[in-house]
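Chemist: This is the structure I want to talk about, given as structure tokens.
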Amino acid sequence: MEKVKLIGTPFSFFTYRVIWALKLKGINYEYIDEDMSEKSSLLMKYNPIHKKVPVLIHGDKTICESMVIVEYIDDTWQLNPLLSTDPYYRAMARFWVTYIEEKSNSTWNVFCNIGEEQQNAIKESLEMFKTIEENALGENNKLFGGENIGIVDIAFGGYAHWLEIIEEIVGVKLLDPHNFPKLNKWIKNFKQVQAIKDNLPNHDEMLVYMKNAREKMLASP
């Protein structure tokens, strides 16, 4: 079998998207921790265009961008499929993945900003959550993928763990259970899946890391 390697960083939810997909598929892999403050020659070799993580190395093939990697993993290893074989459901899943990718920067901007810019980002984030709450989750679905994790769950998975850290640091509750009951239920269901539960970054360590990162960002001119 061709060796699988993953270049990532310890608190990146983009990296964890790939980790979850690999774990759900039962794939053995080597994890290579990247220091993004001093980008390694390995990262520059395998992702010379964006110079970002995650990067998946499968034999002599290199794949970049987290959701592109996740779909490659799903196409390559058939166990525990993340996308339906039905063309319509595949198309709908890809639609919501694209929507999440396009809109998720709003929540990051809540974390990175203060004042008016932060307030605008809060408004955009709440609009995104409302759209997903009302349209993407079925009435009786445990997860976006139904009873089992699908590719949309992987795409939105960062909100199950990283969002509570952001809320804690900035002092704003975005996913209020009263306003977003389906999404709060989804978070509980998602984090109960063994492959997810066993592969989440430590809360306290991530809190310290993200607090320091935010202080540096806000101090930058």
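Chemist: Quick one: among Glu133, Glu168, Glu116, which has the greatest mean-square fluctuation in a GNM of the chain with alpha-carbon springs under 10 angstrom?
Modeler: Sorting by GNM fluctuation, first place goes to Glu116.
Chemist: How much area per residue is accessible in the chain when the probe is 1.4 Å and only protein heavy atoms are counted (Å²)? Present the calculation step by step, with values, prior to reporting the outcome.
Modeler: Values: 12080 Å² over 221 residues.
For the chain, the solvent-accessible area averages 55 Å² per residue.
Chemist: Tell me, what is the FRET efficiency for Asn80 and Thr131 to the nearest 0.05, using R0 = 25 angstrom and their Cβ-Cβ distance as r? Show your work: numbers first, answer last.
Modeler: Values: r = 28 Å, r/R0 = 1.11.
Computed FRET efficiency for Asn80 and Thr131: 0.35.
Chemist: Please compare each pair in Lys51/Lys103; Lys185/Lys216; Lys39/Lys173; Lys51/Lys216; Lys52/Lys142 to a cut-off of 28 Å on the Cα-Cα distance and tell me which ones are over it.
Modeler: Lys185/Lys216; Lys39/Lys173; Lys52/Lys142
Chemist: Something else now. Give the aspartates and glutamates reachable from Lys23 as a straight Cα distance under 13 Å; neighbours fewer than 8 places away on the same chain don't count.
Modeler: Hits, sequence-local ones excluded: Asp74, Asp198.
Chemist: Excluding same-chain residues fewer than 8 positions from Lys3, which aspartates and glutamates have a Cα within less than 14 Å of its Cα?
Modeler: Glu30, Asp60
Chemist: I'd like the accessible area for Lys211: 1.4 Å probe, protein heavy atoms, all chains in place, Å² to the nearest 10.
Modeler: Answer for Lys211: close to 90 Å² accessible.
Chemist: Right, next: State to the nearest 20 debye the size of the charge dipole of the chain about its Cα centre, where the only charges are +1 on K and R beta carbons and -1 on D and E beta carbons.
Modeler: It comes to approximately 240 debye.
Chemist: Can you pull the one-decimal nm distance between simple spin-label points at Glu124 and Asn109, each 7 Å off the Cα toward Cβ?
Modeler: Here the modelled spin labels are 0.2 nm apart.
Chemist: Got a sec? Which residues in segment 20-46 would a label at Lys216 touch, if it sits 7 Å along Cα→Cβ and we count backbone N under 15 Å?
Modeler: Only 34-40 pass the distance filter.
Chemist: To continue, here is another question. Cut-off 19 Å, label point 7 angstrom out along Cα-to-Cβ of His203: give me the residues of segment 145-179 whose amide nitrogen falls inside.
Modeler: 157-178
Chemist: I want the local charge near Leu83. Using Cβ-Cβ distances under 13 Å, sum +1 for each Lys or Arg and -1 for each Asp or Glu among the other residues.
Modeler: On the way: positive: Lys25, Arg90, Arg94; negative: Glu71, Asp74, Asp75, Asp86, Asp153.
The answer is -2.
Chemist: So what's the net charge close to Val53: Lys and Arg +1, Asp and Glu -1, counting the other residues with Cβ under 14 Å from its Cβ?
Modeler: +1
Chemist: Karplus couplings for segment 69-76 from phi (6.51 cos²θ - 1.76 cosθ + 1.60, θ = phi - 60°), rounded to Hz, Gly and Pro as x?
Modeler: Karplus-based 3J(HN,Hα) across segment 69-76 equals 4, 4, 5, 4, 4, 5, 6, 8 Hz.
Chemist: As a test, work out the antiparallel percent of DSSP beta bridges whose residues both lie in the chain, rounded to the nearest 5. Could the numbers behind the result be given before it?
Modeler: Details: 9 of 13 bridges.
That works out to approximately 70 percent antiparallel.
Chemist: Which net charge results for the neighbourhood of Ser106, defined as the other residues with beta-carbon distances under 9 angstrom from its beta-carbon, given Lys and Arg at +1 and Asp and Glu at -1?
Modeler: 0
Chemist: Taking all pairs of different Cα atoms in segment 1-52, averaging 1/r and flipping that mean, what Kirkwood radius in angstroms comes out?
Modeler: Final number for the Kirkwood radius of segment 1-52 is 11.8 Å.
Chemist: Still on this model: Which of rounded, prolate or oblate describes the chain when judged by the alpha-carbon gyration tensor and an a/c cut-off of 1.5?
Modeler: The shape class here is oblate.
Chemist: Can you give me the distance in nm between label points at His50 and Glu116, each placed 7 Å from the Cα along the Cα-to-Cβ direction?
Modeler: 3.2
Chemist: Here is a further query. Tell me the relative contact order for the chain as a rounded percent, counting alpha carbon contacts under 8 Å between residues six or more apart.
Modeler: Values: 245 pairs, mean separation 44.2, N = 221.
Answer for the chain is 20 percent.
Chemist: Right, something else. What number, in percent, do you get for the relative contact order of segment 1-106 if the mean sequence gap of Cα pairs under 8 Å and at least 6 apart is divided by its residue count? Working shown, then result.
Modeler: On the way: 117 pairs, mean separation 29.9, N = 106.
Dividing the mean separation by the residue count of segment 1-106 yields 28 percent.
The values are calculated or read from the model by the stated rules, or taken from the named source; none is laboratory data. Here the structure is a predicted model, which means the values were calculated and not measured. Using ideal geometry, Cβ is built from the backbone for each residue, glycine included, and neighbour counts are taken over all protein chains shown. Please note that ligands, DNA and RNA were not included when accessible areas were found on the heavy atoms of the full protein model with its side chains. Shrake-Rupley method; radii C 1.70, N 1.55, O 1.52, S 1.80 Å.
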